[in-house]
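The structure appears right after this line, and notes come after that.
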Amino acid sequence: MTDTQVLIVGAGPVGLTLALDLGRRGVSCTLIERNATTIQLPKMERCNARTMEIYRRLRISERVRDAGLPRTAPMDVFLALSMAGPALAHLPCPSVAEAKAAIAASHDGGLLEPYQLISQYTLEPLLRSIVEALPRVTVRFGCEFISFTQEKDSVTAVVESNHSTKETIRAAYLIGCDGGSSTVRKQLGIRLAGDGNIRRLRQALFRSDDLYEHVPMGKGRHYHIAEGPLFPFIILQDSTRHWTLHAAASSDAEMAEIFRKSLAMPVEFEMLSVNEWTQHLLCAERYGDSRVFIAGDAAHLVIPTGGLGMNTGVGDAVDLSWKLAATLAGWGGPHLLASYEAERRQIGLRNVKASRAAMSGREGWRAAYQPNINDNTPEGAATRARIAARFDTEQRKVTEISGIESGYRYVNSPIVWPESGDGPDPDNVAYFPTTWPGARLPHVWLSEGVALHDRLGPGFTLLRLGGTKTDTTNLERAFQSLPAPLDVMDVADKRAREIYEYDLLLVRPDLHVAWRGNKITDDDALKIAATAAGNANSVA
Ligand SMILES: Cc1cc2nc3c(=O)[nH]c(=O)nc-3n(C[C@H](O)[C@H](O)[C@H](O)COP(=O)(O)OP(=O)(O)OC[C@H]3O[C@@H](n4cnc5c(N)ncnc54)[C@H](O)[C@@H]3O)c2cc1C
């Protein structure tokens, strides 16, 4: 007997998302967090489009938006000499309301949800309140994971509550969502590979009730100040009253001075906190061992430029969640949980690379800085023009990466049907809809405001498209024999058939494509079902 089916260590955004999906799938889990409360200091502030799509599937996307930056607020990015000056360069980015209107009017198989600015210190308590309401989830703050031992059928963890009482918790699986210095990862003996300790920066949080309304160049989310060598970077937080400043300052006190100088206008502010943080580009050499797995920052650490930290971790959580639920329910085959590392580690490595590319974009325009940038001379004007032009191309490596955010595909996954050929480039920075097996299911509208994604149940779905009359009972029987949950859904809409490229599409519980085709032979039906459910060694 175990105390809980899944023990999750760490109630950051990844552990909370994992607990939410597992709890919704009816898995009993215990989520422990060593801190007494959720995070207080600012960290991430942008859920990307893919995370918001995942939160829509978890039926919380509108709650996240209600708690975050108002839907009509611009998301623009600026380069300027100070917050008081005109913009040297300006990258307009649609507000959530504008992006939603564009999505509602488009039928190109693109994205279902736009991004959302929400500060991590707002998101975590929201997720916590949702998770605490789930009957199958126990949440314990002030409870620290100390160590574990693994047996054949279970994992036993030693935990300590309120720095005093030690106890053991026995679980079928243990998941370390315990951040960059993960104790779970260290106890598994898994190393992080890549570049660690690249740069140390200071981050300060300010409150200013007037600043948002008084920035002459316009409202936005990111303001880069073209002032070397510190290059202050000011980020709007979700309240529109709070701002963070990032700079390589030598003391906490200097941060207030840099902020004052960057504002260059008489606006009142208060510095609420300062902390130091370190940039890393690292990925774990393995994602787990037997009954213990790692996810989120425990498995990969990126530079926040490009916003691929928490967002990658949320992708880990929903990949792992259905595989744990399926294995615990008995229909997940022996290869299902092993596929977590095969699928998600390649995305961890890819996103570390993408984060490096995003950072190189930022360094690209910063390299055009010259100390004469403020001079009222032809040379000063030339420096300003040069840095603005570089910003206009290089900063897009940070802001225009929808393919990295949503176009990832599980290449050579053992639970995805192999197709001959290479398939579309899974590392393209632009998003192109594809149903190549392993890819995220492109979004299509069934009718006004009704997305096909919203109609898909928690198990597998076989989509029959464009009015096909193909007999699919062999695949349905193959799933019944496992027995793995399969819904069959007929979608007559011609546009959906066009976007999905084939008459038949097998979609996984996490809305990635497992197989596609126009007909199914009896022999293939058994192999497709066995592969998707993690029962097949490999497919021909
Ligand atoms: C300045 C900055 C800006 C960022 N901006 C973005 C952004 O815009 N978008 C984005 O996607 N990412 C961003 N990130 C990265 C993002 O904050 C992290 O990727 C994210 O917090 C990772 O979530 P996590 O749940 O994996 O880990 P964490 O948030 O680190 O949570 C781990 C939790 O585990 C707990 N824990 C650790 N050890 C134990 C133990 N032994 N027992 C019990 N509990 C334990 C910790 O207390 C913590 O609460 C940013 C990061 C920084 C520093």
Would you say HIS246 is in contact with a Leu (Cβ under 7 Å, 6 or more places away or on another chain), free of Cβ contacts under 8 Å to residues at least 60 places away in the same chain and not in a helix (DSSP H, G or I)?
yes
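Scan segment 146-158 for residues that are open to solvent by 10 Å² or more (accessible area, probe 1.4 Å) and in contact (Cβ under 8 Å) with a residue 24 or more places away in the chain and jot them down.
ILE146, SER147, PHE148, GLN150, listed by residue number.
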Please go through segment 464-482 and give me each residue that is over 19 Å from LYS527 (Cβ atoms) and in contact (Cβ under 8 Å) with a residue 24 or more places away in the chain, ordered by number.
ARG464, LEU465, GLY466, GLY467, THR468
Filter result for the condition that a residue is aliphatic (A, V, I, L, M), more than 30 Å from THR327 (Cα to Cα) and within 10 Å of the ligand (Cβ to nearest atom), over LEU91, LEU123, LEU117
LEU117
Under the condition of being surrounded by fewer than 17 Cβ atoms within 10 Å (Cβ to Cβ) and among the charged types (D, E, K, R), which residue from segment 193-216 is nearest to ASP289 (Cα to Cα)?
ASP195
Does ASP195 qualify as being in a loop (DSSP other than H, G, I, E, B), at pLDDT 95 or above and of a type outside the set (Val, Ile, Thr)?
no
All positions within segment 41-53 that are in contact with a helix residue (DSSP H, G or I) (Cβ under 6 Å, 6 or more places away or on another chain) and more than 9 Å from the ligand (Cβ to nearest atom)
ALA49, ARG50, MET52
Have a look at LEU511, LEU446, LEU441, LEU456 and point out the one that is more than 17 Å from GLY110 (Cα to Cα) and either of a type outside the set (D, E, K, R) or loosely packed, with under 15 Cβ neighbours inside 10 Å (or both).
LEU456
Among the residues of segment 358-380, the number that are assigned to a helix (DSSP H, G or I) and crowded, with 17+ Cβ neighbours inside 10 Å is 7
Residues that are away from the ligand (no atom under 14 Å from the Cβ) and not β-branched (Val, Ile, Thr): which strands (runs of 3 or more DSSP E) entirely in segment 137-190 hold 3 or more of them?
165-176
Between residues in segment 498-518 that are within 23 Å of LEU320 (Cα to Cα) and residues that are open to solvent by 10 Å² or more (accessible area, probe 1.4 Å) and among the basic types (Lys, Arg), which pairs lie under 9 Å by C-beta distance while being six or more apart or on different chains?
LEU505/ARG464; LEU505/ARG516; LEU506/ARG516; PRO509/ARG25; ASP510/ARG57; LEU511/ARG57; HIS512/ARG409; VAL513/ARG409
I need the full set of residues from segment 319-335 which are open to solvent by 30 Å² or more (accessible area, probe 1.4 Å), in contact (Cβ under 8 Å) with a residue 60 or more places away in the chain and of a type in the set (A, V, I, L, M, F, W, C), in order please.
LEU328, TRP331
Could you list, in sequence order, all residues of segment 180-192 that are open to solvent by 20 Å² or more (accessible area, probe 1.4 Å) and either within 21 Å of the chain's Cα centre (by Cα) or at pLDDT below 95 (or both)?
GLY180, SER181, LEU192
Scan segment 469-477 and tell me whether some residue there is open to solvent by 10 Å² or more (accessible area, probe 1.4 Å) and assigned to a strand (DSSP E or B).
no
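Mind checking which residues of segment 385-406 are assigned to a helix (DSSP H, G or I) and open to solvent by less than 50 Å² (accessible area, probe 1.4 Å)? Quick ask: steps written out before the conclusion?
Quick first cut of segment 385-406, residues assigned to a helix (DSSP H, G or I) only: 385-394, 396-399, 402-406.
Correct list: ILE387, ALA388, PHE391, GLU394, VAL398, THR399, SER402, GLY403, ILE404, GLU405, SER406.
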Would you be able to tell me the number of residues in segment 268-318 that are more than 9 Å from the ligand (Cβ to nearest atom), of a type outside the set (S, T, N, Q), open to solvent by 20 Å² or more (accessible area, probe 1.4 Å) and part of a loop (DSSP other than H, G, I, E, B)?
5
Condition check for GLY26: in contact (Cβ under 8 Å) with a residue 24 or more places away in the chain, under 17 Å from ASP319 (Cα atoms) and more than 6 Å from the ligand (Cβ to nearest atom):
yes
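The values are calculated or read from the model by the stated rules, or taken from the named source; none is laboratory data. Quantities reported herein were computed from a predicted structural model and do not represent experimental measurements. Note: ideal-geometry Cβ built from the backbone for every residue, glycine included; neighbour counts use all protein chains shown. Areas reflect the complete protein model, heavy atoms only, side chains present, ligands, DNA and RNA absent. Shrake-Rupley method; radii C 1.70, N 1.55, O 1.52, S 1.80 Å.
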